[in-house]
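To start, the structure itself, in structure tokens.
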Amino acid sequence: MLPCQRHLFNLPKDIAYLNCAYLSPQLHRVSEAGHRSVAMKESPWLVKPSDFFENTEAVRGLFAQVVGTQADNIAIVPAVSYAMAVAAKNVLFSSGQRILVLSEQFPSNVYPWMELVKEYDAELVTVDAPEDRNWTQAILEKLDETIALVALPNCHWTDGSLIDLVKIGKQCRALQSALVIDATQSLGAWPLNVEEVQPDFLVAAGYKWMLGPYSLGYLYVAPKYHQGLPLEHNWISRKNSEDFAGLVNYREEFQDGARRFDVGERSNFTLMPMSREALSQILEWGVPNIAAAIGKLTELIAQRATDLGLYVTPNHLRATHMLGIHFPQGVPDTLTDQLVKNQIYVSVRGSSVRIAPHVYNTVDDVDRLFEVLQAVL
Ligand SMILES: Cc1ncc(COP(=O)(O)O)c(C=O)c1O
């Protein structure tokens with residue numbers, strides 16, 4: 001079992017940070033890479049053309065390892081919304097077809113589809129939240145041949161309740177529906193293999209469970225879309241962009257694989273080395289080990305919440321890295337203030353308090369949380 005890794009982060013002793021689903025704290029090695037790369041631009045004469053490629057290619061390869069695929073299938077994006085715009089531009093969609101999303105799904109994976117259905121005079125189908133949080137069953141019941149696109153997360157962002165993407169992927173293939181995944185709230189802390197799920201597109205923002213900086217995310221693009229069109233036409237995505245002297249020889253051809261979908265200026269000199277460190281750390285720990293270590297804490301939290309008469313999605317229907325505690329009478333008014341006063345950080349989402357620990361948390365953090373919960377009930 002992975003022991004507590006708090007020493008690798010910049011977390012003061014008196015802070016109980018249980019909010020990785022909001023923003024991860026920063027690993028020392030990620031901060032150090034950022035400081036080095038900020039300083040690098042002070043001496044631009046030392047920046048070589050190869051510096052526009054080297055870290056980006058390394059990051060592509062590391063992310064590919066996290067999701068079990070090849071670097072060729074990965075594009076660099078600034079946000080989930082950008083990735084969804086790439087997907088919306090490239091999936092085959094025609095009028096009268098329908099798109100499926102979940103109730104209260106994160107907006108970056110809803111707005112693009114609201115726009116697409118407007119354009120095609122089509123329909124957005126929302127799966128209502130099932131009482132028992134068995135989303136997989138509820139999705140399968142709604143899936144039929146009229147659904148051309150299924151846009152989902154791996155777990156619900158409000159409370160970690162799971163969607164079985166292998167099962168859904170199989171059904172999508174049987175119905176020839178495209179599958180687009182926003183894995184931001186799970187990737188890095190909950191295993192996912194794209195060869196098993198076979199999504200058309202899958203994206204993760206880098207600043208939560210991937211432990212990286214803000215504004216840099218990763219997009220898996222299935223090979224069948226590799227001849228598709230990017231959102232914008234930047235120079236570095238074109239063939240031979242490594243040859244700076246030859247850039248005025250405009251080219252029709254793109255770089256290989258999913259690289260054509262990279263955002264312009266993707267070789268961000270500050271962010272890319274930070275992402276490289278974050279991804280390396282995740283791979284050194286191993287996602288299954290991260291999930292198991294966090295799972296010990298969430299299991300304890302679930303048990304203690306249930307003992308207090310609060311509701312938590314049953315263990316077999318939720319991912320192990322985060323959970324929502326539902327209050328039958330709504331979240332007590334004083335809870336947020338009391339938590340902040342005691343330097344305990346979680347998020348309130350609707351009628352649930354979302355607890356998102358990571359490998360830097362301890363049982364002591366859980367004890368502190370429950371002291372406050374018990375006091376306000
Ligand atoms: C599930 C999920 N997806 C995406 C995002 C971020 O979206 P974007 O990168 O478009 O800002 C968040 C942020 O909280 C999220 O929870």
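The values are calculated or read from the model by the stated rules, or taken from the named source; none is laboratory data. From a predicted model like this one, the values you see are computed outputs, not experimental measurements. As a convention, Cβ positions derive from the backbone with ideal geometry for all residues, glycine included, and neighbour counts pool all protein chains shown.
When you check Glu242 against the structure, is it touching a Pro at 6+ places or on another chain (Cβ under 7 Å) and touching a residue at least 40 places away in the same chain (Cβ under 8 Å), yes or no?
So Glu242 passes the test.
Against the test of being away from the ligand (no atom under 16 Å from the Cβ) and either more than 29 Å from Glu242 (Cα to Cα) or surrounded by fewer than 18 Cβ atoms within 10 Å (Cβ to Cβ) (or both), the options Val59, Val91, Val66 yield a single qualifying residue, Val91. With within 16 Å of the ligand (Cβ to nearest atom) and among the hydrophobic types (A, V, I, L, M, F, W, C) as the only criterion, which of Leu175, Leu219 stands out? Checking each option against the conditions leaves just Leu219. Here Leu231 clears all of (1) closer than 26 Å to Ala293 by Cβ; (2) in contact with a Lys or Arg (Cβ under 7 Å, 6 or more places away or on another chain) except the condition numbered (1). Taken as a whole, the range 48-55 holds at least one residue that is closer than 22 Å to Ile282 by Cβ and more than 16 Å from the ligand (Cβ to nearest atom).
Here the strands (runs of 3 or more DSSP E) wholly within the range 54-145 that include at least 1 residues being β-branched (Val, Ile, Thr) and without any contact (Cβ under 8 Å) to a residue 60 or more places away in the chain are 98-102, 123-127.
Restricting attention to the range 146-170, and to residues there that are assigned to a strand (DSSP E or B) and without any contact (Cβ under 8 Å) to a residue 60 or more places away in the chain, which single residue is surrounded by the most Cβ atoms within 10 Å (Cβ to Cβ)? For the range 146-170, the residue satisfying everything is Val150.
The residues on offer are Asn55, Asn109, and the sole one that is modelled with pLDDT of 95 or more and under 20 Å from Asp262 (Cβ atoms) is Asn55. Going through (1) buried (at least 18 other Cβ atoms within 10 Å of the Cβ); (2) farther than 25 Å from Gly286 by Cα; (3) not aliphatic (A, V, I, L, M) one by one, Trp190 falls short only on (2).
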